[in-house]
Amino acid sequence: MNPFTWRDGQLHADDVPVEAVAAAVGTPTYVYSATAIRASYRRLAGLFAPLGAKLRYAVKASPNLHLCRLLRELGAGMDVVSGGELERGWLAGTPMSEIVFAGVGKSEDEVRAALSGRFSPLREVAAAHGAPDPAGRGPVGLFNVESESELARLSKIATELGETARYCLRVNPNVDPHTHEYTTTGKEENKFGIDADRIVDLVSRWAGRPGLEFRGLHVHIGSPVPQVEPYAEAIAVVLGLVDELAALGHRVAVLNLGGGWPIPYTDGAVPPLEDYARRIVPLLAERAADGLQVLLEPGRSILGNSGLLLTRVEHLKRGRAKTFVICDAGMHVLLRPALYRAFHFVWPAAWTGPTPRWLEQSDLPGLESCDVVGPICETGDFLARGRRLPPLAQGDLVAVFSAGAYGISMASNYNDHGRPAEVLVDGERMLRINARQPLATILETERTAVDLAISGRPVPA
Ligand code: LLP
């Protein structure tokens, strides 16, 4: 579903004109549709329901606490990759048992927090939302382990704490997901996972070591994965391992398929999720019926097209070679175009023509080719290049679509801009779920210089 539609010449998110959002909180602002989030969640959950699959929302896609809470209400557990995300998952009301802790570089402190359940600078916020007290939390449900060194760390800390670390090993199946090289994770030259041919030996050698309980396998080949077949290839590798392990008496109870389910950034660009489910479900149906617990870690497929970025035109500049639409959002707000040359459909919020198709180039009459850029002092700071757009003027509001995932989560303070506001629209309601970051919080940790070597006291100004 597309929750963003033009009505009476004004772009709406659900039933709220985005101009009203901009009037309330300014720009740049990320706007999410609760209706779309619910629909995308239910669609994906429904497609994999025949496997009894459980969803662990990839918090990194869009970590706002209120979005996590909405997803938790829908039944999601959380996939976290840092102590910070663990905190969010828990603050969203997720029981520790439904959190999976992934990531190649978990620190000792993060592992200790995840095993002891003792963390939280924000206990009172959690209590207000009914989250259990830290003492009663217990260890995280599963670790996705990415190396033997990490296994050793887990065993050591779990033993110290008298806890058990339940874990899946992340398999690197050496499969090409046909996505951007920076988000390819399942090829042998990538830093992620453990080579498939080392898994059986590793499980055997670590079986029975203190503080550890082997639960199963995890695989995540990349994001987004624009074709169905790489999943089937990765599943074939993993199922081979499941059988090998079973023959040696190591039961694989959990199979975590990761995320990577794509969204259309342009009309019809990727197969619908139904095609993925049609191919994948039969591969696992029998095993699931025999008790294999399937987990998925979706992020983009739930949030990506449930959110957009609102930005205002600061200046229009007609150069000899190009026309530049200079906006208040740039690479510091939405990094994907600069980092991956990712395509995001861009269109003015005020528009009375026919609904534009999300294509690299629109064929509507009266358009002008321009580069949509931000205020950052880099030539790589762009949102869209060589794009045919309706005539724009200073002060116009522009929407950047498909920005609900990996938008705010990759935003930065580059050039000392505060991070943007976030608004959740639900029918006719609009809720500010994140204030624009004030400059004071950026400068907070720089207030005073502390002389570490000599006295530990602040250096006089
Ligand atoms: N599980 C694991 C182990 C992951 O590494 C990721 C994403 C996910 C799940 C969620 O994947 P999703 O369902 O959202 O595709 N910044 C990039 C995407 C990086 C994805 C990182 N890992 C982008 O803007 O496209």
**Study point:** In the stretch 257-279, the residues that are buried (at least 18 other Cβ atoms within 10 Å of the Cβ), over 17 Å from the mean Cα position of the chain (by Cα) and not small (Gly, Ala, Ser)
**Key:** Val270, Leu273, Tyr276
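Among the residues of the stretch 435-447, are any of a type outside the set (Gly, Ala, Ser), part of a loop (DSSP other than H, G, I, E, B) and within 16 Å of the ligand (Cβ to nearest atom)? Working first, answer last.
Step one: of the stretch 435-447, the residues of a type outside the set (Gly, Ala, Ser) are 436-439, 441-447.
Imposing the further condition that a residue be part of a loop (DSSP other than H, G, I, E, B) reduces the set to 436-438, 447.
Now narrow it down to the ones that are within 16 Å of the ligand (Cβ to nearest atom): none.
Within the stretch 435-447 (the criterion being of a type outside the set (Gly, Ala, Ser), part of a loop (DSSP other than H, G, I, E, B) and within 16 Å of the ligand (Cβ to nearest atom)), the answer is no, since none of the residues qualifies.
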Revision key, fill the gap. Restricted to the stretch 319-357 and to residues being among the aromatic types (Phe, Trp, Tyr) and within 16 Å of the ligand (Cβ to nearest atom), the residue least open to solvent (accessible area, probe 1.4 Å) is Phe345
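So, Pro282, is that one modelled with pLDDT under 95, open to solvent by 60 Å² or more (accessible area, probe 1.4 Å) and either outside any strand (DSSP E or B) or within 27 Å of Tyr406 (Cβ to Cβ) (or both) or not?
Values: modelled with pLDDT under 95: no; open to solvent by 60 Å² or more (accessible area, probe 1.4 Å): yes; either outside any strand (DSSP E or B) or within 27 Å of Tyr406 (Cβ to Cβ) (or both): yes.
For Pro282, the condition - modelled with pLDDT under 95, open to solvent by 60 Å² or more (accessible area, probe 1.4 Å) and either outside any strand (DSSP E or B) or within 27 Å of Tyr406 (Cβ to Cβ) (or both) - is not met.
Return the residue satisfying two criteria in turn: it lies in the stretch 178-214 and is among the small types (Gly, Ala, Ser), open to solvent by less than 30 Å² (accessible area, probe 1.4 Å) and within 23 Å of Gly141 (Cα to Cα), and of such residues it is modelled with the lowest pLDDT. Can you show your working first?
Within the stretch 178-214, the subset among the small types (Gly, Ala, Ser) is 186, 193, 196, 204, 207-208, 211.
Retained after the next criterion (residues that are open to solvent by less than 30 Å² (accessible area, probe 1.4 Å)): 186, 193, 196, 211.
Checking which are within 23 Å of Gly141 (Cα to Cα) leaves us with 193, 211.
Working: Gly193: 93, Gly211: 97.
By that ranking, first place goes to Gly193.
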Check your understanding: Is the stretch 167-189 home to any residue that is touching an Asp or Glu at 6+ places or on another chain (Cβ under 8 Å), within 13 Å of the ligand (Cβ to nearest atom) and among the aromatic types (Phe, Trp, Tyr)?
Key -> no
Practice item. Look through the stretch 112-137, keep the residues that are modelled with pLDDT under 70 and open to solvent by less than 40 Å² (accessible area, probe 1.4 Å), and return whichever of them is farthest from Asp201 (Cα to Cα). Key: Ala126
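Checking the structure you have, find out if any residue of the stretch 138-148 is open to solvent by 50 Å² or more (accessible area, probe 1.4 Å), touching a residue at least 24 places away in the same chain (Cβ under 8 Å) and more than 16 Å from the ligand (Cβ to nearest atom). Before the answer, list the steps.
First pass over the stretch 138-148, keeping only residues open to solvent by 50 Å² or more (accessible area, probe 1.4 Å): 148.
After this cut, where a residue has to be touching a residue at least 24 places away in the same chain (Cβ under 8 Å) as well, the list is 148.
If we keep only those that are more than 16 Å from the ligand (Cβ to nearest atom) as well, we get 148.
Looking for residues that are open to solvent by 50 Å² or more (accessible area, probe 1.4 Å), touching a residue at least 24 places away in the same chain (Cβ under 8 Å) and more than 16 Å from the ligand (Cβ to nearest atom), one finds at least one in the stretch 138-148, hence yes.
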**Study point:** Criterion violated by Ser301 - all others in (1) closer than 28 Å to Phe101 by Cβ; (2) more than 16 Å from the ligand (Cβ to nearest atom) satisfied
**Key:** (2)
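Of all the residues that make up the stretch 37-52, how many are touching a residue at least 12 places away in the same chain (Cβ under 8 Å) and open to solvent by 20 Å² or more (accessible area, probe 1.4 Å)? Don't jump to the end; show me each part of the working.
Just the residues of the stretch 37-52 that are touching a residue at least 12 places away in the same chain (Cβ under 8 Å), to begin with: 37-45, 47-48, 50-52.
Filter once more, keeping what is open to solvent by 20 Å² or more (accessible area, probe 1.4 Å): 38-40, 42-43, 45, 47, 50, 52.
Going through the stretch 37-52 one residue at a time, the tally reaches 9.
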Exercise for review: Report, by residue number, each residue of the stretch 51-83 that is charged (D, E, K, R) and more than 16 Å from the ligand (Cβ to nearest atom).
Suggested key: Arg69, Arg72, Glu73
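Sort out which residues of the stretch 154-189 are in a strand (DSSP E or B) and not basic (Lys, Arg), and write them in order of number. Explain how you work it out, then say what you get.
Here is the first cut: in the stretch 154-189, the residues in a strand (DSSP E or B) are 165-172, 184.
Residues satisfying the conditions are Ala165, Tyr167, Cys168, Leu169, Val171, Asn172, Thr184.
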Check your understanding: Across the stretch 400-457, what is the total count of residues that are touching a Lys or Arg at 6+ places or on another chain (Cβ under 7 Å) and among the charged types (D, E, K, R)?
Key -> 1
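Tell me, yes or no, whether the stretch 264-274 has at least one residue that is in contact with a Lys or Arg (Cβ under 6 Å, 6 or more places away or on another chain), away from the ligand (no atom under 16 Å from the Cβ) and either closer than 20 Å to Ala349 by Cβ or of a type outside the set (A, V, I, L, M) (or both). Don't jump to the end; show me each part of the working.
Narrowing the stretch 264-274 to residues in contact with a Lys or Arg (Cβ under 6 Å, 6 or more places away or on another chain): 267.
Filter once more, keeping what is away from the ligand (no atom under 16 Å from the Cβ): 267.
Still in the list and also either closer than 20 Å to Ala349 by Cβ or of a type outside the set (A, V, I, L, M) (or both): 267.
Scanning the stretch 264-274 turns up at least one residue that is in contact with a Lys or Arg (Cβ under 6 Å, 6 or more places away or on another chain), away from the ligand (no atom under 16 Å from the Cβ) and either closer than 20 Å to Ala349 by Cβ or of a type outside the set (A, V, I, L, M) (or both).
Every residue in the stretch 99-111 that is of a type outside the set (Phe, Trp, Tyr) and surrounded by 19 or more Cβ atoms within 10 Å (Cβ to Cβ), please.
Ile99, Val100, Ala102, Gly103, Lys106, Glu110, Val111
Could you tell me whether the stretch 43-52 includes any residue that is modelled with pLDDT under 95 and not hydroxyl-bearing (Ser, Thr, Tyr)?
Taking the stretch 43-52 and keeping what is modelled with pLDDT under 95, we get none.
Within the stretch 43-52, none of the residues are modelled with pLDDT under 95 and not hydroxyl-bearing (Ser, Thr, Tyr).
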Point to revise | Pro262 part of a helix (DSSP H, G or I) and either in the same structural domain as Gly395 (by TED's automatic domain parsing) or touching a residue at least 12 places away in the same chain (Cβ under 8 Å) (or both) | key: no
**Study point:** strands (runs of 3 or more DSSP E) (entirely within the stretch 305-418) containing at least 2 residues that are out of contact with any helix residue (DSSP H, G or I) (no Cβ under 6 Å at 6 or more places or on another chain) and over 30 Å from Ala58 (Cα atoms)
**Key:** 307-318, 323-327, 368-373, 382-389
Revision key, fill the gap. Glu360 passes all but one of the listed conditions (1) open to solvent by less than 80 Å² (accessible area, probe 1.4 Å); (2) over 18 Å from Trp6 (Cα atoms); the exception is number (1)
Review point. Residue check: is Ala23 assigned by TED's automatic domain parsing to the domain that holds Val140 and either over 30 Å from Lys191 (Cβ atoms) or open to solvent by less than 10 Å² (accessible area, probe 1.4 Å) (or both)?
Key: no
Check your understanding: List pairs: first in the stretch 216-244 and touching a residue at least 40 places away in the same chain (Cβ under 8 Å) and assigned to a loop (DSSP other than H, G, I, E, B), second more than 12 Å from the ligand (Cβ to nearest atom) and open to solvent by 20 Å² or more (accessible area, probe 1.4 Å), Cβ under 7 Å, 6+ apart or cross-chain?
Key -> Pro226/His178; Gln227/His178; Val228/Pro271; Val228/Asp275; Val228/Arg279
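The values are calculated or read from the model by the stated rules, or taken from the named source; none is laboratory data. Here the structure is a predicted model, which means the values were calculated and not measured. Here the Cβ is made from the backbone with ideal geometry for all residues, glycine too, and neighbour counts use every protein chain on show. Accessible surface is based on the protein model in full, side chains and every heavy atom, while ligands, DNA and RNA are left aside. Shrake-Rupley method; radii C 1.70, N 1.55, O 1.52, S 1.80 Å.
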